[in-house]
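The values are calculated or read from the model by the stated rules, or taken from the named source; none is laboratory data. Predicted model, so just to flag it, every value in this text is computed and none were measured. Every residue, glycine among them, receives a Cβ derived from its backbone with ideal geometry; neighbour counts consider all protein chains shown. Note: areas computed on protein heavy atoms with side chains; ligands, DNA, RNA excluded. Shrake-Rupley method; radii C 1.70, N 1.55, O 1.52, S 1.80 Å.
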Amino acid sequence: PQKAKNLVVAGSKEKGYKAFFAASDSEHGEELWVTDGTPAGTKLVKDIIAGPGSADITWLTRFNDKVVFSANTDDYGIELWISDGTEAGTYMVKDINEVGNSEPVGFTQLNETQFVFGAFNFESDPNGDGSGQKWLYVSDGTEEGTKLVKQCKVLYPGQDNNSERHAPYMRVGRKVFFKADNAEETAGGELWVTDGTESGTYMVKNINMQNNGKGDAAIDHMLNYGNTKLFFKAWSQESGNEPWCSDGTEAGTYEIANTVDRTATSGNGVGGNLTCVGETPYKGKVYFRTEHDVYGAELGCTNMEKDNYTVFDVNTNEPTFDNKSFPDPGVVF
């Protein structure tokens, strides 16, 4: 997952690599640009809305040697686009919502030839004002290969301010985990998985059973662990916000640890309020910020096994609970 306005590198060894980004000038407005790192190789790809009008390029995401993104035009509204860095190779993939905006988000490559995303269509957003549901779509970058996968309420982006890199879409193997509710909205925001087919798209587990199972589990901070499991943060009434693991099955989806094992006056679990997850696992462990009962907000890690949880008291000044290190998301160096 990417920020709404971002820069992304795409290409191949044979064709070379370029960085795609949105930029604005007085002649063209905000449009798609590309650069090879030189002034001469930095240029407008295509003036999607001719003249000074802006196409509002958002959610740029790499798809093999191309990029996919959301763009706004007078004729079609906000729809799915693709580009190989050339004017001729930059075009709208499909007018998904023929009477309004599809507003596609969450582009995530699923396998060698497809990516998934959430979007409005006429049936899911009949008022045409964005008050409906975004359903799950799959695409191979062609109009005929862009199809509705399942009618489920795809939820995007993440809820946490530190979740830009770990918003609720994450590929693990040849499946993508994502955050959604069913179309009837009877389960709340929970963990779902898809292989790009309707039968292979389902809710993995209803984690928050409040309100007859309609409670939102606040899924966030997803991370691919060894291409076999998903690390993520979820909220349950019993434990609060804690680290979880899933292999895509209900039986294989479990809370890794109840890091703060006590109950608030509300009756809900306090939770370690996991956030700031590192970009990749390091030596078989996932690192994150955690609120510890003794040390305060410090660096925590897990190897994904049940009850495996370690905290490092980085700021050791006494009283240690009041002196917190507040670690930011780390990177493997």
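Pairs linking a residue in region 302-328 that is free of Cβ contacts under 8 Å to residues at least 12 places away in the same chain to a residue that is assigned to a loop (DSSP other than H, G, I, E, B), with Cβ atoms under 7 Å and 6 or more positions apart or on different chains, are Asn317/Asn323. Residues in region 237-290 that are polar (S, T, N, Q), touching a residue at least 40 places away in the same chain (Cβ under 8 Å) and in a loop (DSSP other than H, G, I, E, B): 3 in all. The residues in region 101-120 that are over 26 Å from Arg174 (Cβ atoms) and either touching a Pro at 6+ places or on another chain (Cβ under 9 Å) or in a strand (DSSP E or B) (or both) can be counted, and the count is 1. Taken over region 125-140, the residue count meeting the criterion of being open to solvent by 10 Å² or more (accessible area, probe 1.4 Å) and in a loop (DSSP other than H, G, I, E, B) is 10.
Search region 62-80 for residues being among the β-branched types (Val, Ile, Thr) and buried (at least 21 other Cβ atoms within 10 Å of the Cβ), and hand back the single one that is nearest to Gly130 (Cα to Cα). Taking the candidates together, the pick is Ile78.
Selection within region 188-209: residues that are charged (D, E, K, R) and either touching a helix residue (DSSP H, G or I) at 6+ places or on another chain (Cβ under 6 Å) or part of a strand (DSSP E or B) (or both). The member of this set that is least open to solvent (accessible area, probe 1.4 Å) is Glu190.
Scanning region 31-46 for residues that are open to solvent by less than 40 Å² (accessible area, probe 1.4 Å) and over 16 Å from Val9 (Cα atoms) turns up just one, Glu31. With respect to the conditions (1) part of a loop (DSSP other than H, G, I, E, B); (2) open to solvent by less than 60 Å² (accessible area, probe 1.4 Å); (3) of a type outside the set (Phe, Trp, Tyr); (4) more than 30 Å from Glu279 (Cα to Cα), Gly85 lacks only one, and its number is (4).
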